[in-house]
1. For residues in the stretch A:94-121 being facing another protein chain (nearest Cβ under 10 Å) and in a strand (DSSP E or B), which is farthest from residue A:47 (Cα to Cα)?
2. Determine which single condition residue A:128 fails, assuming it passes every other condition in (1) at pLDDT 95 or above; (2) crowded, with 23+ Cβ neighbours inside 10 Å; (3) closer than 30 Å to residue A:70 by Cβ.
3. Residues that are crowded, with 18+ Cβ neighbours inside 10 Å: find the helices (runs of 4 or more DSSP H) completely inside the stretch A:203-307 holding 3 or more of those.
4. Output the number of the condition that residue A:222 fails; it satisfies all remaining conditions of (1) at pLDDT below 95; (2) closer than 30 Å to residue B:127 by Cβ.
5. From B:6, B:38, grab the single residue that is under 18 Å from residue B:76 (Cα atoms) and not in a strand (DSSP E or B).
6. Which residue, of A:146, A:126, is outside any helix (DSSP H, G or I), in contact with a helix residue (DSSP H, G or I) (Cβ under 9 Å, 6 or more places away or on another chain) and within 14 Å of another protein chain (Cβ to nearest Cβ)?
7. Condition first: surrounded by fewer than 16 Cβ atoms within 10 Å (Cβ to Cβ), within 14 Å of chain A (Cβ to nearest Cβ), touching a helix residue (DSSP H, G or I) at 6+ places or on another chain (Cβ under 9 Å) and within 30 Å of residue A:101 (Cβ to Cβ). Can you find one or more residues in the stretch B:86-101 that meet it?
8. Does at least one position in the stretch A:43-53 carry a residue that is modelled with pLDDT of 95 or more, within 13 Å of chain B (Cβ to nearest Cβ) and within 22 Å of residue B:111 (Cα to Cα)?
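The values are calculated or read from the model by the stated rules, or taken from the named source; none is laboratory data. Everything quoted here is computed from the prediction, not taken from an experiment. Here Cβ is always computed from backbone atoms with ideal geometry, including for glycine, and neighbour counts include all displayed protein chains.
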């Protein structure tokens with residue numbers, strides 16, 4: 001059974017097809033309003049999340065389908081000690097497709113190994129979050145018209161930021177990409193991603209701690225939040241959380257067609273004043289995420305023979 | 001020093017000097033009720049020094065363990081005093097239940113009876129990664 005656990009589970013051609021489908025949904029939403037009638041999406045969220053769960057649920061409703069929802073491990077059988085494998089087997093009896101978030105890394109893979117219906121990883125700890133990357137890709141595509149020959153800056157928590165790791169992996173498959181990695185020393189991109197992805201594919205990159213220095217070069221600025229839940233030590237979190245705050249002043253040297261992205265939620269790493277800047281794309285990302293999730297649900301249900 | 005030759009069993013030869021005990025542990029040889037000899041720092045024309053393990057008994061070894069710990073080692077199968085097979089061991093692509101994932105956030109720390117599976121991600125540097133969380137594995 002085909003599931004999507006990692007963004008690299010999708011080929012470049014499949015990403016293209018999903019983007020084309022999402023664009024078609026945007027242009028002709030009525031044509032898709034009954035596409036999943038009679039089908040059920042189970043959203044299993046064992047870790048706090050509002051937006052991703054609502055995005056999946058909104059996606060399924062806009063396709064005319066229904067939603068079964070489990071929000072919070074405290075209210076589910078997981079609190080009684082049920083394994084992820086058993087949960088996946090049980091939910092397979094009720095639903096047609098699963099979207100799952102879990103605090104443990106690899107949980108979605110275990111669910112997929114035991115499920116008889118497709119599983120979409122909606123975030124497994126600090127590991128993967130492929131549908132966020134799909135939202136990012138559609139946003140870049142719509143803002144820049146494609147993925148080739150872009151200088152992309154990633155700023156903030158590049159160590160624990162799973163959205164950063166996934167997007168770097170996804171972009172590494174296109175030509176002419178330049179990466180600029182902006183972070184404090186303690187939150188630098190893990191060396192294995194630099195070695196296994198960036199250096200392996202000969203992608204030009206530079207690392208810096210100074211956002212202002214590189215701002216004029218960037219086509220995309222991908223800001224990230226320093227995530228409290230990824231730290232074992234509260235002191236380290238407090239020391240690093242305000243490393244970078246994007247303000248209108250800092251954007252003065254940026255290109256006029258820069259796209260400022262952020263996977264949200266932000267805490268204070270982007271000033272609210274930036275929201276009015278036409279280069280701010282982070283709320284567009286949210287909407288794009290819903291369209292890409294619609295396209296993915298359609299693709300997986302068709303492949304599973306459930307549409 | 002001499003160690004008796006074996007009639008039927010396995011000789012793991014050309015073990016990098018110092019890796020014999022690690023192999024002994026990971027292969028679970030301490031749990032066997034057959035004679036096992038570990039020879040450390042044996043003189044070798046090819047390697048200078050090497051370790052050798054002799055197992056006096058008709059047993060099946062997990063060759064993936066040997067390939068993971070010391071891919072240059074050779075395995076000789078002895079039957080009725082004759083060498084019937086000599087195997088060179090390469091690094092396995094998949095390691096199942098040989099090492100454990102040490103990432104406290106990995107699903108293997110909580111999921112009941114989940115196998116610890118690693119895949120070879122970098123042959124040159126002999127790096128294995130957990131298939132669930134991609135954390136680097138070590139013995």
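1. The qualifying residue farthest from residue A:47 (Cα to Cα) is A:105.
2. It is condition (1) that residue A:128 fails.
3. Values: elements: A:211-214, A:234-240, A:282-303.
The qualifying helices (runs of 4 or more DSSP H) are A:282-303.
4. (1)
5. On the way: B:38 fails: not in a strand (DSSP E or B).
Exactly one of B:6, B:38 is under 18 Å from residue B:76 (Cα atoms) and not in a strand (DSSP E or B), namely B:6.
6. Numbers: A:146 fails: within 14 Å of another protein chain (Cβ to nearest Cβ).
Going through A:146, A:126 in turn, just one is outside any helix (DSSP H, G or I), in contact with a helix residue (DSSP H, G or I) (Cβ under 9 Å, 6 or more places away or on another chain) and within 14 Å of another protein chain (Cβ to nearest Cβ): A:126.
7. yes
8. no
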